[in-house]
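Colleague: Attaching a single structure in structure tokens format; questions to follow.
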Amino acid sequence: MGSADNSDTEVSEAAHKNLIKDCYRAWNKVDYILQMLRWEIRLFHIKSRVSILQYMIEAAPLSAKADTYRKLLMGDSHSCDKPIPSLNPRINGVMKKRNTIVSLAFPNDIIKSEFIQSLTSYFVAFRMDPDASPDLRASGSPESWILHQKIRIANGVTVTIQQHNNPDAVIVQKARCIEKWRGHGNRFNHILIQEDRAPQNNSWVRQQGYRPAKLLYAFRFGDRINTGKANANGRVVWCSVHHDLLLVEQLEYLSSAMPNVNHGMIMCRDVLQKSQRIINVSSVVIPVHLVPSGGDDNQYFINQYTSLETYNMIY
């Protein structure tokens, strides 16, 4: 084609630098070349979808279909099916060995004092429950008691979801709180958690009570509960149970949690004052993939295009 006279290709070539870096940051650095190719393919699929919808609107702006396409671009909650509930979220990779909390070495992004404070807040709710174990009712909040409790560390959380087009089939998605993974499949380190619903809010995700959070730690705490029965000696019979718990760092929505007009994804960011809390694994809705916004390092888009089930849950 010859030389590019009186023109400069440096700008277009330099654009690839940021694209590759954003793509690399968006994944977990395992098989990163394959993951970067998938990321780029999904990115262009999103752009193609938006372009097609915009073309259809411009071609017939007054038609009934144009209204439907506008709702798809703007994220109207009535334009999609009902969200598909997750089935029995659970922690995975639970270690057999139990360790006392005081002996644990936490990752750099977890401060032990804040972990103890979060765990204390979680256990306080059990102190007034008559069916709770004697330990939780009598000693469930002092730091000295919590430090000497034993827990089993886990790798993350697994959520089983019904397939959109086949209720008899399911897909499995996992969120991680470890640095490395073995095997293949979708992997995330962020989740949507269930909070109080807000039916009057304009945002679909806030109507459903979904909030994004980063998964920091997963563990199992053993306990006993009152069965309501008595043995031959008249003593209460206790049953061994466990609490599957997650330490999460909550994120906050931007732009009133409304979808972006160009690609339909919802923006969120890290909270300036880190907000870590402990939740039960049953509060998990679905693992999610966050895409760096390309501007502020602490701002992300929630990628609902990872699967049809995720799309119907969020969009």
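Colleague: Just checking, does region 287-297 include any residue being modelled with pLDDT of 90 or more and of a type in the set (Gly, Ala, Ser)?
Modeller: no
Colleague: Do we find that ILE111 is open to solvent by 70 Å² or more (accessible area, probe 1.4 Å), of a type in the set (Val, Ile, Thr), modelled with pLDDT of 80 or more and within 21 Å of ILE193 (Cβ to Cβ) in this structure?
Modeller: For ILE111, the condition - open to solvent by 70 Å² or more (accessible area, probe 1.4 Å), of a type in the set (Val, Ile, Thr), modelled with pLDDT of 80 or more and within 21 Å of ILE193 (Cβ to Cβ) - is met.
Colleague: So, one more: Among ASN155, ASN166, which is out of contact with any helix residue (DSSP H, G or I) (no Cβ under 8 Å at 6 or more places or on another chain) and at pLDDT below 75?
Modeller: After ruling out the rest, the residue left standing is ASN166.
Colleague: Which one of these is touching a Lys or Arg at 6+ places or on another chain (Cβ under 9 Å), hydrophobic (A, V, I, L, M, F, W, C) and farther than 22 Å from ARG197 by Cα: VAL248, VAL281, VAL236?
Modeller: VAL236
Colleague: Considering each residue of region 195-249, count those that are aliphatic (A, V, I, L, M) and under 16 Å from the mean Cα position of the chain (by Cα), and give that number.
Modeller: Counting residues in region 195-249 that are aliphatic (A, V, I, L, M) and under 16 Å from the mean Cα position of the chain (by Cα) gives 9.
Colleague: Tell me, which residue of region 233-252 that is farther than 20 Å from LYS96 by Cα and touching a Cys at 6+ places or on another chain (Cβ under 9 Å) is surrounded by the fewest Cβ atoms within 10 Å (Cβ to Cβ)?
Modeller: My answer is GLU252.
Colleague: I need the full set of residues from region 263-305 which are surrounded by fewer than 19 Cβ atoms within 10 Å (Cβ to Cβ), in contact (Cβ under 8 Å) with a residue 40 or more places away in the chain and closer than 29 Å to SER51 by Cβ, in order please.
Modeller: HIS263, PRO292, GLY294, GLN299
Colleague: Could you list all residues from region 205-219 that are crowded, with 22+ Cβ neighbours inside 10 Å and more than 12 Å from VAL248 (Cβ to Cβ)?
Modeller: Those that are crowded, with 22+ Cβ neighbours inside 10 Å and more than 12 Å from VAL248 (Cβ to Cβ): VAL205, TYR210, PHE219.
Colleague: Scanning region 41-53 for residues that are surrounded by 13 or more Cβ atoms within 10 Å (Cβ to Cβ) and of a type outside the set (A, V, I, L, M, F, W, C), which turns out farthest from THR306 (Cα to Cα)?
Modeller: Filtering first and then ranking leaves ARG49.
Colleague: Still on this structure, I have one more. For GLY222, indicate whether it is open to solvent by 40 Å² or more (accessible area, probe 1.4 Å) and touching a residue at least 12 places away in the same chain (Cβ under 8 Å).
Modeller: It is true that GLY222 is open to solvent by 40 Å² or more (accessible area, probe 1.4 Å) and touching a residue at least 12 places away in the same chain (Cβ under 8 Å).
The values are calculated or read from the model by the stated rules, or taken from the named source; none is laboratory data. Note that the coordinates shown come from a computational prediction; the quantities given were computed from them, not determined experimentally. Every residue, glycine as well, gets a Cβ built from its backbone with ideal geometry; the counts of neighbours run over all protein chains shown. Surface accessibility is based on the protein's heavy atoms, side chains included, excluding ligands, DNA and RNA. Shrake-Rupley method; radii C 1.70, N 1.55, O 1.52, S 1.80 Å.
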